[in-house]
Amino acid sequence: PDALAPVLAPWGTRVEAIPGGESFLASVVLGLEHFRASRRILFATADLPLLTPEAVAAFLAGIDAADPRGEGSLHVSAVPKDAFTGPYARPTKSFNGYRGMPVCHGNLFAADPRLLEIPGVRPKIDAMYAGRKNAVATTLALGLDIALVYMIGVEILHLIRIEPMARYVSRRFGFGIVPVLVRHPEITEDIDEAADYAFVRERLAERRDERC
């Protein structure tokens, strides 16, 4: 916060820091509770060094485009496979095989604080995050019926588009989950392995060279 404050000061933006939780879910809950009066809260994972203002703006604009009536409680980012061009077209990336548009999960999401009022929602969100690197693991954690629909309809036969799948999961969960397509592959580049670190360093060096 001390480093961010002078950068954001010209825009009148206030920086607040609150203690993190012991897990991803605990930190999300703390954030939702802290900003309970807000309509929607934007979340980004900490290990996202290539994140840009343009990517955030595209995600926020995409929320309104994907959910014009504001019915969703959880908006999750996804990047279409054809957006991975140039250095981002890495063979290590895995994609969910939705009909007509394979996607990779992004590391931006927005949530309505009223999610906390829904019974049983916390373990569901935790399960979604825990299996985010493996779609099959995620769907198994959410329920056998969801896992079967996903594995057969998406990964094997590629019959289901992303929007109908989201609506199906929403009905099962009791709150609206809306996928938001963002054509910024940098929001998928978190750092889990040494190769990720090397890739990010190369991209940051390229950005520095472009500014010079």
Can you give the charge dipole size of the range 60-185 about its Cα centre, rounded to the nearest 20 debye, using +1 on the beta carbon of Lys and Arg and -1 on the beta carbon of Asp and Glu?
-> 260 debye
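Can you compute the charge dipole magnitude of the range 1-97 about its Cα centre, using +1 on each Lys and Arg Cβ and -1 on each Asp and Glu Cβ, nothing else charged? Give it in debye, rounded to the nearest 20.
The calculation lands at about 180 debye.
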With every protein chain kept in place and a 1.4 Å probe, the range 26-107 has an accessible area per residue in Å² of 51 Å²
What's the long-distance tail for the chain, i.e. % of Cα pairs beyond 20 Å?
-> 62 percent
Dipole-positive endmost among V79, G20, L32 within the range 1-117 (Cβ charges, Cα centre) | V79
Using a 1.4 Å probe on the protein chains only, how many percent of the accessible area of the chain belongs to carbon and sulfur?
-> 58 percent
Where the Cα atoms of the range 1-66 are projected onto their three principal axes, how long is each span, largest first, in whole Å?
-> 33, 31, 27
Highest GNM mean-square fluctuation, the chain, Cα pairs closer than 10 Å: which of I160, I191, I63?
-> I191
Added length on full extension, which subtracts the Cα-Cα distance from 0.36 nm per residue, D192 to A5 | 64.5 nm
Per-residue ³J(HN,Hα) for the range 167-183, Karplus 6.51 cos²θ - 1.76 cosθ + 1.60, θ = phi - 60°, Hz, x for Gly and Pro = 5, 5, 5, 4, 4, 5, 8, x, 8, x, 10, 10, x, 10, 7, 10, 8
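What size of dipole, in debye to the nearest 20, comes out for the chain about its Cα centre when the only charges are +1 on Lys and Arg C-beta atoms and -1 on Asp and Glu C-beta atoms?
About 580 debye.
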Choose one of G120, P102, L157: the residue whose Cα lies farthest towards the positive end of the charge dipole of the chain (beta-carbon charges +1 Lys, Arg; -1 Asp, Glu; about the Cα centre).
-> L157
Counting only heavy atoms of protein chains, what accessible area per residue, in Å², does the range 145-204 have with a probe of 1.4 Å?
-> 51 Å²
Log10 I(q)/I(0) at q = 0.09, 0.20, 0.23 Å⁻¹ for the range 89-212, from Debye over equal alpha-carbon scatterers, is -0.32, -1.23, -1.49
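The values are calculated or read from the model by the stated rules, or taken from the named source; none is laboratory data. Treat the numbers as computed from the prediction; the structure is a model and nothing was measured. Quick reminder, even Gly has a Cβ in these numbers, built from the backbone with ideal geometry, and neighbours come from all protein chains shown. Accessible surface areas use protein heavy atoms only, side chains included; no ligands, DNA or RNA. Shrake-Rupley method; radii C 1.70, N 1.55, O 1.52, S 1.80 Å.
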